[in-house]
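The values are calculated or read from the model by the stated rules, or taken from the named source; none is laboratory data. What you see is a predicted model; the values in this text were computed from it and never measured. Every residue, glycine among them, receives a Cβ derived from its backbone with ideal geometry; neighbour counts consider all protein chains shown.
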Ligand code: 13P
Ligand code: SF4
């Protein structure tokens with residue numbers, strides 16, 4: 001049985017920082033130095049003087065940390081923790097698509113492989129997608145890989161947004177009927193949805209926000225009860241951030257298996273053996289960094 005004390009000792013010994021995405025299991029969030037959305041975590045990590053970043057999240061997040069912190073060692077305690085949506089786009093498929101489209105900027109959601117970011121004009125997150133698209137001069141953009149985030153962005157901009165047919169299986173599976181059921185059960189609650197949900201679900205939402213945006217909104221809102229339309233791991237973070245408020249998952253089926261893979265034992269083992277390193281080759285990282293940094297100027301944590 002691994003103790004928190006043992007992990008803390010290993011972190012000090014390795015001059016390491018432990019990061020946890022908002023969807024991670026409670027025991028991982030509770031021991032992390034920083035919790036947040038993927039971009040926030042990578043930015044904050046690159047600003048510390050830690051030599052090692054232990055990323056409790058999924059593979060593309062560890063890659064983003066490696067892109068922004070090329071001189072640090074990035075460890076993903078479970079190398080098999082991936083993201084099905086990120087796997088829906090490859091450099092080959094993107095090149096094929098670009099060969100048949102008019103020339104236009106490619107706006108790439110951070111939930112994507114580093115090699116795809118390297119071919120992109122600029123990256124975006126769920127928090128800044130609209131802002132990033134509006135910051136471009138072009139009148140048309142290709143947004144990859146999430147069709148739902150692209151449709152949501154298209155509804156908020158005058159630009160023409162070309163879609164890629166990718167999606168998050170967890171968010172895309174949420175139906176309007178499930179939202180209506182939850183609303184009926186909790187009539188006083190405000191419904192928050194993540195832009196990875198389908199347009200017909202977002203049409204029922206009171207607010208559409210990224211994961212960290214939802215946490216901040218719950219803290220500062222006058223409302224005291226919320227239905228949460230994203231991965232259920234976030235409820236732990238929300239209850240900690242706003243302990244006097246009430247949170248209900250819109251559906252307990254919204255559980256990402258990849259986000260639940262890492263255990264405390266995996267964290268200890270990766271630190272002990274320096275195992276699970278994710279290193280983006282410099283020729284890819286250099287190009288991907290330009291695309292990631294391109295959005296950091298427009299990054300606004302709301
Ligand atoms: P954010 O935390 O950036 O909103 O991302 C949601 C997500 O699905 C990450 O996998
Ligand atoms: Fe990928 Fe969806 Fe899991 Fe996020 S919740 S890691 S987008 S599969």
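State yes or no: is residue 161 crowded, with 17+ Cβ neighbours inside 10 Å, within 28 Å of residue 97 (Cα to Cα) and more than 20 Å from the chain's Cα centre (by Cα)? When the stated conditions are applied, residue 161 passes them.
Among residues that are in contact with a helix residue (DSSP H, G or I) (Cβ under 9 Å, 6 or more places away or on another chain), closer than 23 Å to residue 145 by Cα, crowded, with 16+ Cβ neighbours inside 10 Å and at pLDDT 95 or above, residue 179 is not included. Every condition in (1) within 26 Å of residue 234 (Cα to Cα); (2) away from ligand 1 (no atom under 12 Å from the Cβ); (3) in contact with a helix residue (DSSP H, G or I) (Cβ under 9 Å, 6 or more places away or on another chain); (4) assigned to a loop (DSSP other than H, G, I, E, B) holds for residue 48 except the one numbered (3). Identify all residues within segment 1-23 that are outside any loop (DSSP other than H, G, I, E, B) and within 16 Å of ligand 1 (Cβ to nearest atom); write none if there are none. Once the filter is applied, which keeps residues that are outside any loop (DSSP other than H, G, I, E, B) and within 16 Å of ligand 1 (Cβ to nearest atom), segment 1-23 yields 19, 20, 21.
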